[in-house]
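To start, the structure under review is shown below, and the notes come after it.
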Amino acid sequence: MLFRRRARMLRWLVCGRLGPIWMWKALLLFVAIAFAGQLLGVIFNKSSVQPAARSIFSSPDAQGPSLGSCQPHTHIMFLKTHKTASSTVLNMLYRFGEERGLRFGLPLGYQLGYPLPFNAHRVKGYRGPRAVEFHIMGNHMRFNKPEVEKVMPADTFYFSIIRDPVSLAESSFAYYKEVAPAFRKAKGLGDFADDPKKYYDPRLRNNHYARNLLWFDFGMDHNANFSVALAQRGEVMIRRTFKLILVSEYFDQSMILLRHALCWPLDSVVSFSLNARQQKPSSTGGMSGSWVGKAAAAAGVNVRGGHSQAKTAPNLSLTEEQRGKLRQWNALDWYLYKAFNQTFWEEIDRFGLAQMEQEVALLRMRREDLARVCLRDGGKPVEAHRIRDKNIRPFQSGLVKILGYELQPGLDNNTRTACLRMIRPEIQYKDVLDAKQFPRAPVVQAQPGQQSQGWIVAAAGGSFVRQDSSRTGERPVGREAGGRTVEEEERDWDGSHLKRSNQTLIRRQEKGRLR
């Protein structure tokens, strides 16, 4: 009796106070289903997790066809000739060396003493013959073998690139129209070609751009009267030193030969064209950015208000007769071009035409793949002022616009870094490498009146900072208490003033133009 009474009381409490039993059963069923669903979801998610997508630069295609058991060359000297697609080649060297932590023979400024014959002391950090191991050297110089050999190891691979003198003259005229007096006086390239001696004075600075520029860059007398014997001696000199001479007109084939000669992976010779000029002028232009003032000062080009002055496209039209006259005017360059163009195709014959076609096709496919991943608008070059990132805008000089690229947004860090290396212009890339090889000393506050012994005192943001000049090789640049800027200067080859700033030699704007 007592048991029945307690059971009725319990049912009353459960049903009356805590709800009916069916509700509890439903609640327990719901909890069981939720728990099972969560458990199954975790299992499903674990089974469907995919590994993170690899960067395109780490794919098997980056290596290219097998090169056998050879070892990559890491001691390389590239003679960077003018207006021959050499900036694109230098970018490859910069990328290869930076990725592997190699040491570059960098200039104090942006060129290795050009147009004077190269001197080893123009290399930043040089301490005497073979005292420091330099792996790669490739900035503009006028070749001087004995001095180069003081810097580079004995097993260095030497190579360079050439171009048809007529095409070279077209590019040189467009780029150096305001720099070379011979070009500046002529109305157009055809006008110059008709009578070069009317405009050319060998005594005037920068006129070397107007005659036998390849011969000059290889370190020989570009004003010498042409003779077959002289031309042959120059050819022999080049062949003794340079293991490979590339040809600009056959750039992709050149890259395949270079890849096999250096034993490099395919991606190391895949590139986007850099420092290329716009073929048709645009009505708008300009440039700005924190680095532009430095580059303009180095080149001696006047830049006002952060924008380039209005440009009038030069007249580059030529008749066949005028093209012939330019080859005659640049007879020493024309001889070199014919000789090494023949050698180039003999190299391809030995390589195998069928294999060359296959590897060129792979290179072009790889370039298209990387352009799709790296570049906006499918890799179409754009004018400098349209590039959002001011740090990758190409420097503008001459009467034509130099084009650059924009990166795709949303790239992962590794891919973005690799893509950025491929499109970084030469001036900015040199500064990046310079900062890595010669890092600045820690910034500390200097007390007013404190003496600087072996350090640089420089104004930065209104405060005093100190840098170890023994590391940078710079000369003092400071600001006195009264606000007057003090600069210690030296003179360049032409007598124009140079001042030290940001680890580079900078030409004062009023003294000249890009050499």
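The values are calculated or read from the model by the stated rules, or taken from the named source; none is laboratory data. All figures in this text were calculated on a predicted structure; none of them were measured in a lab. Ideal geometry is used to build each Cβ from the backbone, glycine not excepted, and the neighbour counts take in all protein chains shown. Heads up: the accessible areas ignore ligands, DNA and RNA and are worked out on the full protein's heavy atoms, side chains in. Shrake-Rupley method; radii C 1.70, N 1.55, O 1.52, S 1.80 Å.
Can you run down the residue pairs with Cβ atoms below 9 Å, 6 or more apart or on separate chains, where the first is in the stretch 347-371 and among the polar types (S, T, N, Q) and the partner is at pLDDT below 95?
Cβ pairs passing all conditions: Gln355/Pro65; Gln358/Pro65.
Given the residues Ser271, Ser283, which is the only one that is open to solvent by less than 20 Å² (accessible area, probe 1.4 Å) and at pLDDT below 95?
Ser271
Please go through the stretch 332-352 and give me each residue that is over 13 Å from Tyr250 (Cβ atoms) and buried (at least 18 other Cβ atoms within 10 Å of the Cβ), ordered by number.
Answer for the stretch 332-352, where residues must be over 13 Å from Tyr250 (Cβ atoms) and buried (at least 18 other Cβ atoms within 10 Å of the Cβ): Leu332, Asp333, Trp334, Tyr335, Leu336, Ala339.
Can you name the residue in the stretch 370-389 that is farther than 21 Å from Ala313 by Cα and out of contact with any helix residue (DSSP H, G or I) (no Cβ under 8 Å at 6 or more places or on another chain) and, of all such residues, is modelled with the highest pLDDT?
So the first thing to find is which residues in the stretch 370-389 are farther than 21 Å from Ala313 by Cα, and the list is 370-380, 387-389.
Within this subset, residues satisfying the condition of being out of contact with any helix residue (DSSP H, G or I) (no Cβ under 8 Å at 6 or more places or on another chain) are 376-377, 380, 387-389.
Numbers: Arg376: 81, Asp377: 76, Lys380: 71, Ile387: 67, Arg388: 66, Asp389: 68.
Only one residue fits best here, namely Arg376.
Which one of Gly105, Gly125, Gly113 is crowded, with 20+ Cβ neighbours inside 10 Å, on the phi > 0 side of the Ramachandran plot and either under 15 Å from the mean Cα position of the chain (by Cα) or modelled with pLDDT of 95 or more (or both)?
Going through Gly105, Gly125, Gly113 in turn, the sole match is Gly113.
Kindly indicate whether any position in the stretch 83-93 is within 24 Å of Tyr126 (Cβ to Cβ), surrounded by fewer than 21 Cβ atoms within 10 Å (Cβ to Cβ) and modelled with pLDDT of 95 or more.
No - not one qualifying residue is present in the stretch 83-93.
In the stretch 144-159, which residues are in a loop (DSSP other than H, G, I, E, B) and open to solvent by 10 Å² or more (accessible area, probe 1.4 Å)?
Asn144, Pro153, Ala154, Asp155 - these are the residues of the stretch 144-159 that are in a loop (DSSP other than H, G, I, E, B) and open to solvent by 10 Å² or more (accessible area, probe 1.4 Å).
Would you confirm whether or not the stretch 218-230 contains a residue that is open to solvent by less than 20 Å² (accessible area, probe 1.4 Å) and either farther than 18 Å from Thr81 by Cβ or in a helix (DSSP H, G or I) (or both)? Working first, answer last.
Initially, the stretch 218-230 is screened for residues open to solvent by less than 20 Å² (accessible area, probe 1.4 Å), giving 218, 222.
Keeping just the survivors that are either farther than 18 Å from Thr81 by Cβ or in a helix (DSSP H, G or I) (or both) gives none.
Looking for residues that are open to solvent by less than 20 Å² (accessible area, probe 1.4 Å) and either farther than 18 Å from Thr81 by Cβ or in a helix (DSSP H, G or I) (or both), one finds none in the stretch 218-230, hence no.
Kindly indicate whether Val132 is among the hydrophobic types (A, V, I, L, M, F, W, C), touching a residue at least 24 places away in the same chain (Cβ under 8 Å) and assigned to a helix (DSSP H, G or I).
No, not satisfied.
Residues Gln396, Gln408: which one is among the polar types (S, T, N, Q), within 30 Å of His222 (Cα to Cα) and at pLDDT below 90?
Only one candidate qualifies: Gln396.
(1) within 24 Å of the chain's Cα centre (by Cα); (2) in a loop (DSSP other than H, G, I, E, B); (3) at pLDDT 95 or above: which one isn't true of Pro202, the others all being true?
That leaves (1) as the condition not met.
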